[in-house]
Amino acid sequence: MKRPIRRGAAALRERLRGRLVSRDDTGYDTVRKVWNGRIDRRPSLVAFCADEKDVVVALRFAREHELLVAVRGGGHSCAGTAVCDDGLVIDLSRMKAIEVDAAARSVRVQGGVLWGELDRATQAFGLAVPGGTDSEVGIAGLTLGGGNGWLMGVHGATCDNLLSADVVMADGRTVATNCNENADLFWALRGGGGNFGVVTSFRYRLHPVGPTVIGGAVLYAYEDALKVLRHFRDFASSAPDTLTVYACLICDGDRPVVAIAACYVGSADRAEATVASLRKWGTIVTDQLRPMSYVELQSLFDGARPAGRRCAMRSNFMAGLPDAAIEILVEGFRTAPSPLSAVIVEHCHGAIARVAPDATAFGLRSNPYHLEILGFWDQAEEDAANLAWVERLFADVQPFNTGEVYVNSLDEGEGHRVREAYGINYTRLVALKAKFDPTNFFRCNHNIAPR
Ligand SMILES: Cc1cc2nc3c(=O)[nH]c(=O)nc-3n(C[C@H](O)[C@H](O)[C@H](O)COP(=O)(O)OP(=O)(O)OC[C@H]3O[C@@H](n4cnc5c(N)ncnc54)[C@H](O)[C@@H]3O)c2cc1C
């Protein structure tokens, strides 16, 4: 039965080890913020859970009071699904434990850890979990959506390296999952996002990485953009697993440039020869590709996408990068209203592509180019112009869209594309959602509705 929330909140506050923030509390406007500054939602309560028990208590409270629940790991979802209007946010940012077992090559990580924190802890042993490319992103949301990044060529997607997870289910039960125990739930968690429960801890396989890698970017003059992108395409299609390259149309100050960002994690004696080609594609403006620690590389691009900036994105996978698509992207980026915006083409290859599409819920592994059109700007008055630019360029590249989208790249209002994010796995995910969350309690996400 629905119970009055105000009185209940006092009782909830008593029962939590962590902090509960309501609309009347100091700091409310800070704690309701997420990474994307465009998201402006007003939850009734934000529960900063200190441990798994707190998550159970908060979740049961939400059930009793029929509150919508949002789950926040690192808060970096562009769509802002980590925060809701009127409901309860289960925030995991206080749950920061990291236990490295270097001998077993595994690490157990609580759901509020960020990639930079995990990388620093594991690199102390010369090990790493394949993650994304930014240090401030949460391990939870990224893993549950799939996870691509610099190590995907050698070690696969993040979710391919998940060994087990502890989950609080919609009915408040706590469940352990791995390949043998609750295996169907474990399958769904590896790509199915926040649809199946609150994951309080993840255990990952660790790999030796670095600690020195070759990383950074070579910046080319925009006049050479067409040529550079064609070289990128031809080079990437035969790049070794040890080298991952992204092509980025960005502005260096106010000046548009093409950045070829890369990470090489192979043997040191072949390093320079392997990356040498990346410097031969046109007029170089700046060469920032150099040996650096893996930890440094992982935070190199943080400054370009700070928390609080307004963002809108559209994305899809592409089977190839034909000249016609390159021309549209290069011309389209010239018309971006904001110099903070970017167009990124990520080349996904190697280990991530060798996993069968139905091995995990994340199954979009065969198309090598992941396109992201990213509008970034600072002022609300600039929303309309920037949103229109993102939409227009996305519409222009539709002839090259494979009809597949990475779930973690979906924006607000793109719920209709969730099916595109799962391809052949969608039907099984719907059935598992009906089994594990028949009332769609977890719906503040890229929702897979139970039938
Ligand atoms: C700057 C930036 C860089 C990025 N780089 C990459 C990249 O290199 N590779 C890549 O793959 N992706 C990347 N992403 C996308 C990223 O994977 C998603 O935004 C992801 O959702 C972020 O995870 P989070 O925990 O920070 O998100 P949150 O916003 O906290 O969570 C997003 C959703 O995940 C679910 N969720 C979060 N935590 C839990 C939990 N513990 N249990 C259950 N459900 C949970 C919830 O449904 C929540 O709404 C990037 C995003 C940004 C903003």
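The values are calculated or read from the model by the stated rules, or taken from the named source; none is laboratory data. Everything quoted here is computed from the prediction, not taken from an experiment. Glycine also receives a Cβ, built like all others from the backbone with ideal geometry; neighbour counts cover every protein chain displayed. All accessible areas refer to the heavy atoms of the entire protein, side chains included, with ligands and DNA or RNA removed. Shrake-Rupley method; radii C 1.70, N 1.55, O 1.52, S 1.80 Å.
Quick check on V55: is it open to solvent by less than 20 Å² (accessible area, probe 1.4 Å), within 12 Å of the ligand (Cβ to nearest atom) and in contact with a Leu (Cβ under 6 Å, 6 or more places away or on another chain)? Give the derivation first.
Working: open to solvent by less than 20 Å² (accessible area, probe 1.4 Å): yes; within 12 Å of the ligand (Cβ to nearest atom): yes; in contact with a Leu (Cβ under 6 Å, 6 or more places away or on another chain): no.
It is false that V55 is open to solvent by less than 20 Å² (accessible area, probe 1.4 Å), within 12 Å of the ligand (Cβ to nearest atom) and in contact with a Leu (Cβ under 6 Å, 6 or more places away or on another chain).
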Practice task
Might you check whether a residue that is within 16 Å of the ligand (Cβ to nearest atom), open to solvent by 10 Å² or more (accessible area, probe 1.4 Å) and either among the aromatic types (F, W, Y) or over 24 Å from M313 (Cα atoms) (or both) occurs anywhere in the stretch 400-411?
Solution key: yes
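Between I373, I424, which is on the phi < 0 side of the Ramachandran plot, open to solvent by 40 Å² or more (accessible area, probe 1.4 Å) and aliphatic (A, V, I, L, M)?
On the way: I373 fails: open to solvent by 40 Å² or more (accessible area, probe 1.4 Å).
From the options I373, I424, the qualifying one is I424.
Determine which member of the set G210, G191, G216 is within 12 Å of the ligand (Cβ to nearest atom), within 30 Å of I260 (Cβ to Cβ) and in contact (Cβ under 8 Å) with a residue 12 or more places away in the chain.
Details: G210 fails: within 12 Å of the ligand (Cβ to nearest atom); G216 fails: within 12 Å of the ligand (Cβ to nearest atom).
So the residue among G210, G191, G216 that is within 12 Å of the ligand (Cβ to nearest atom), within 30 Å of I260 (Cβ to Cβ) and in contact (Cβ under 8 Å) with a residue 12 or more places away in the chain is G191.
Just to be sure before I move on: is C159 within 15 Å of the ligand (Cβ to nearest atom) and modelled with pLDDT of 95 or more in the structure I sent? Steps first, answer last, please.
Details: within 15 Å of the ligand (Cβ to nearest atom): yes; modelled with pLDDT of 95 or more: yes.
In short, yes.
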Fill in the blank from the handout: Flagged pairs (Cβ under 9 angstrom, 6 or more apart or on separate chains; first in the stretch 327-339, more than 19 Å from C311 (Cα to Cα); second open to solvent by 20 Å² or more (accessible area, probe 1.4 Å)) are E327/L226; I328/D396; I328/P399; I328/F400; V330/L226; E331/D396
Practice task
Being closer than 15 Å to V198 by Cβ, part of a strand (DSSP E or B) and near the ligand (Cβ under 10 Å from one of its atoms) narrows it down to one of V89, V46, V109, so name that one.
Solution key: V89
Practice task
Could you look through the stretch 167-184, keep only residues that are more than 12 Å from the ligand (Cβ to nearest atom) and under 23 Å from L68 (Cβ atoms), and pick out the one that is most open to solvent (accessible area, probe 1.4 Å)?
Solution key: R173
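Filter the stretch 1-35 down to residues that are in contact with a helix residue (DSSP H, G or I) (Cβ under 7 Å, 6 or more places away or on another chain) and open to solvent by 100 Å² or more (accessible area, probe 1.4 Å) and give me whichever is modelled with the lowest pLDDT. Don't jump to the end; show me each part of the working.
Within the stretch 1-35, the subset in contact with a helix residue (DSSP H, G or I) (Cβ under 7 Å, 6 or more places away or on another chain) is 3, 8, 12, 15-18, 20-22.
Still in the running and open to solvent by 100 Å² or more (accessible area, probe 1.4 Å): 3, 15, 17.
On the way: R3: 61, R15: 96, R17: 98.
Within the stretch 1-35, the match that is modelled with the lowest pLDDT is R3.
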Exercise for the section: Scan the stretch 16-43 and report the pairs whose first residue is over 20 Å from D54 (Cβ atoms) and whose second residue is of a type in the set (A, V, I, L, M), with Cβ atoms within less than 7 Å and a gap of 6+ or a chain change. Expected result: V34/A82; V34/V83; W35/A307; R38/A312; I39/V83; R41/V83
Fill in the blank from the handout: For the stretch 424-451 the number of residues that are in a loop (DSSP other than H, G, I, E, B) and at pLDDT 95 or above is 14
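Take the residues in the stretch 112-141 that are in contact (Cβ under 8 Å) with a residue 24 or more places away in the chain and more than 13 Å from the ligand (Cβ to nearest atom); name whichever of them is nearest to the chain's Cα centre (by Cα).
Top of the filtered list is A128.
Taking the stated definitions as given, is D224 surrounded by fewer than 24 Cβ atoms within 10 Å (Cβ to Cβ), in contact (Cβ under 8 Å) with a residue 12 or more places away in the chain, of a type in the set (D, E, K, R) and over 24 Å from G363 (Cα atoms)? Steps first, answer last, please.
Numbers: surrounded by fewer than 24 Cβ atoms within 10 Å (Cβ to Cβ): yes; in contact (Cβ under 8 Å) with a residue 12 or more places away in the chain: yes; of a type in the set (D, E, K, R): yes; over 24 Å from G363 (Cα atoms): yes.
Taking the combined requirement at face value, the residue satisfies it.
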Problem - Among residues of the stretch 68-81, those that are open to solvent by 10 Å² or more (accessible area, probe 1.4 Å) and either near the ligand (Cβ under 10 Å from one of its atoms) or in contact with a helix residue (DSSP H, G or I) (Cβ under 7 Å, 6 or more places away or on another chain) (or both), counted - result: 7
